[in-house]
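Visitor: My structure is below; once you've seen it, I'll send some questions.
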Amino acid sequence: MRNLDEHTVTQAVVDLLSGTPDPRLKLILVRLITHLHNFAREVELTEEELLEAILFLTATGQKCSDKRQEFILLSDVLGLSMLTVAMNNKKPEGCTESTVFGPFHVEGAPVYDNGADIANGAVGEPCLVRGTVKDRNGVPIAGAELEVWQADAEGNYDVQYPDLKTHQARGVLRSRPDGSFEFRTVVAVAYPIPVDGPVGDLLRATGRHPWRPAHLHFMIKAKQYQTLVTHVFRNGDQYLDSDAVFGVRQTLVADWIRQPDGGYTLNYDFVLNPAD
Ligand code: BEZ
Ligand code: FE
């Protein structure tokens, strides 16, 4: 392994990986190195540019904390999260589509009864959300666990307020025996993803905006069904066609209906895919 040059170094690295006992890890590493080296050759990567990339990734790691995951954000804005979601969640026609998880889910959200106000003090216009959880044959799924989280009228999730000690605009409910669920919250608004870190620098350097269209996050779990991680997006939002993280699917867009006596209602029915 001497005198390696730009043409022979790739094979030398690949050869060294041939002893990797885990076949999946071996495949991933071999293909990653091959693509990475080909990429470097294709763009004729300079030493300064490699150092710049290393400093960018270093800053991305340094921005991470127990409240902030800058690498997830990076994967999101590069479309890698949505690509992986799309490849791994192909479902039969009629099932609710999946989309990105995002960085604002937290463990331990409060459990509520149907009809409760999950806003718990979050600012925003009132909104009543109703729907059902069913299978593809229209059979209600009772006792499904629905976890909901969303931003408030300022475009912030509760975890983005450093001094807030309670959970706001997030909660866990269970579907009723007829598959229905219902809760009160505030109207979701469009918001920018965090831009005070390296991902923000990347967006600025590439002339991209950071906005996500208004949405509610749902994670729905039921025995014998695949867990569904998805959003419901607000129809008419100006960012539906330019979501900073590429998450919008037309089947997930719904109307928030203004009520004559104030507030909004949203109805959305979820269809789960059997686990096998
Ligand atoms: C979110 O919707 O919460 C989100 C998703 C991806 C990146 C940033 C935020
Ligand atoms: Fe979100």
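The values are calculated or read from the model by the stated rules, or taken from the named source; none is laboratory data. This one's a predicted model, so the numbers in the text were calculated from it and none came from an experiment. Glycine also receives a Cβ, built like all others from the backbone with ideal geometry; neighbour counts cover every protein chain displayed.
Visitor: Only one of (1) in contact (Cβ under 8 Å) with a residue 24 or more places away in the chain; (2) buried (at least 17 other Cβ atoms within 10 Å of the Cβ) is not met by residue 269, so which one is it?
Guide: (2)
Visitor: For residues that are under 22 Å from residue 253 (Cβ atoms) and either part of a strand (DSSP E or B) or within 16 Å of ligand 1 (Cβ to nearest atom) (or both), tally how many sit in the stretch 138-158.
Guide: The qualifying residues number 10.
Visitor: So, one more: Got at least one residue in the stretch 89-104 being of a type in the set (D, E, K, R), under 14 Å from residue 150 (Cα atoms) and part of a loop (DSSP other than H, G, I, E, B)?
Guide: Checked against the condition, which is being of a type in the set (D, E, K, R), under 14 Å from residue 150 (Cα atoms) and part of a loop (DSSP other than H, G, I, E, B), the stretch 89-104 yields no hits at all.
Visitor: For the stretch 185-206, what are the residues that are within 13 Å of ligand 2 (Cβ to nearest atom) and either of a type in the set (Lys, Arg) or closer than 16 Å to residue 75 by Cβ (or both)?
Guide: Within the stretch 185-206, 193, 194 qualify.
Visitor: Check 188, 244, 205 and return the single one that is touching a Gly at 6+ places or on another chain (Cβ under 9 Å), among the small types (Gly, Ala, Ser) and assigned by TED's automatic domain parsing to the domain that holds residue 88.
Guide: Step by step, each of 188, 244, 205 is checked, and only 188 is touching a Gly at 6+ places or on another chain (Cβ under 9 Å), among the small types (Gly, Ala, Ser) and assigned by TED's automatic domain parsing to the domain that holds residue 88.
Visitor: Please list, ordered by residue number, the strands (runs of 3 or more DSSP E) wholly in the stretch 209-258 having 3 or more residues that are within 14 Å of the chain's Cα centre (by Cα).
Guide: Here the list reads 215-221, 228-234.
Visitor: Moving on. Among the listed residues 117, 158, 113, which satisfies the condition of being touching a residue at least 12 places away in the same chain (Cβ under 8 Å), among the charged types (D, E, K, R), closer than 20 Å to residue 231 by Cβ and in the same structural domain as residue 246 (by TED's automatic domain parsing)?
Guide: The match here is 158.
Visitor: Still on this model: Return the total of residues in the stretch 159-188 being of a type outside the set (Gly, Ala, Ser) and either within 12 Å of ligand 1 (Cβ to nearest atom) or under 27 Å from residue 134 (Cα atoms) (or both).
Guide: Looking only at that region, the number is 16.
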